[in-house]
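Shown next, in structure tokens, is the structure this report addresses.
The values are calculated or read from the model by the stated rules, or taken from the named source; none is laboratory data. Being a predicted model, the structure only gives us computed values, none of them experimental. Here the Cβ is made from the backbone with ideal geometry for all residues, glycine too, and neighbour counts use every protein chain on show.
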Amino acid sequence: MKRPNDNRDTAEAVSSLLIERCRAGDEAAWKELVEATYRDVYSLCLRILRDPDDAVEATQDAYLKAWRGLKGFRGDAQFSTWLYRVASNAAISKLRSRKRRRDREVGEEAFEVLEAPGGTEDRASVLIDIQRLEGALRVLPEHYRAAIVLRDVYGMSIGEVAERLGISETATKVRVHRGRKKLKEMVYGSGEEER
Amino acid sequence: MDHRQMQEILPAYARGAERSLQAKRHLSRCADCRNELRRYETMLWGLSELSSQPAGDVPDGLLASLVEIPSRESRLDTVRAHVARNRKVYAGAAAAMVGVAGAAVGAAVLRNRGRTRSRWATA
């Protein structure tokens, strides 16, 4: 799984020593660990859930589970990978409870086509604005969004995504495939009218 | 491979799958598909870049609520341990309370019956 890679503290910066201190109940170490990781974890939850309040709750659930589960973390996976798994489970679980609460939302979200840039042969049309992509991802229907976020943003395998979403690998592949097509249409337009 | 088939496999092709000879051959002679492929590749690159970008401003108070998880859990553990240690005492107290409540209800019922009988006797 791919992890964030920028100048500020990230989940990658978490050392095994820090984790050991957390396991021993060192609250200062926990604070350090949270400060290094919570922005990324919140971003993951927000990308899946879209709603900031739900993302806050999912982030809190994820860290509570992480604190309780740290003793069971054997270190055979990267800490960031493990933390993202915990966080994506918390976000998907929140997504399911929200679906039960607001059933009408399922698949009925506004599907907004963003204004497409220039013509097919225009090399600049292939360039992508990251903010625009983030915006398109936000309005992608929920069932596609979760699959695309886990697979294409956080680099999970099809098997991992299927496990988290509680669907088969075949269904996951279909969601990812359709999600990419819809997202591409939203960012660049369908392209059909160009032929 | 015809144009429609190629268009259908492009989302997976862009990530390295479905790279058959027929697909490569179609791409070599179809500018539309090459363009679409570039778009998918760029979009997938952009998506992978998102993981290092914040998705939005982190709400105030989130960090503090996460940092205090160990102390909150520790208080909860203390309560749980106390309840576990004194389970028999709490169970006994609960049984006694149920007994007292039952006796009170029984007494009230008996008193009520007594009043009803005396009313009948007077009538």
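Points to keep in mind about this one:
- Yes/no for residue A:87 being assigned to a helix (DSSP H, G or I) and either more than 14 Å from residue B:58 (Cβ to Cβ) or more than 9 Å from chain B (Cβ to nearest Cβ) (or both): yes
- Residue within segment B:79-93 that is within 14 Å of chain A (Cβ to nearest Cβ) and assigned to a helix (DSSP H, G or I) present: yes
- Among residues of segment A:147-173, those that are touching a Ser or Thr at 6+ places or on another chain (Cβ under 9 Å) and under 16 Å from residue A:184 (Cα atoms), counted: 5
- Checklist (1) more than 10 Å from chain B (Cβ to nearest Cβ); (2) modelled with pLDDT under 90 applied to residue A:5, failing item: (1)
- Helices (runs of 4 or more DSSP H) lying entirely in segment A:13-84 (those with 1 or more residues that are at the interface with chain B (Cβ under 8 Å from one of its Cβ atoms) and of a type outside the set (A, V, I, L, M, F, W, C)): A:27-49, A:52-69
- Scanning segment A:12-50 for residues that are closer than 23 Å to residue A:92 by Cα and out of contact with any helix residue (DSSP H, G or I) (no Cβ under 8 Å at 6 or more places or on another chain) returns A:39, A:43.
- Residues of segment B:44-97 satisfying the condition of being of a type in the set (Asp, Glu) and under 23 Å from the mean Cα position of the chain (by Cα): B:57, B:60, B:68, B:73, B:77
- The residues of segment B:35-78 that are modelled with pLDDT of 85 or more, over 18 Å from residue A:34 (Cβ atoms) and more than 7 Å from every other protein chain (Cβ to nearest Cβ), listed by number, are B:37, B:41, B:45.
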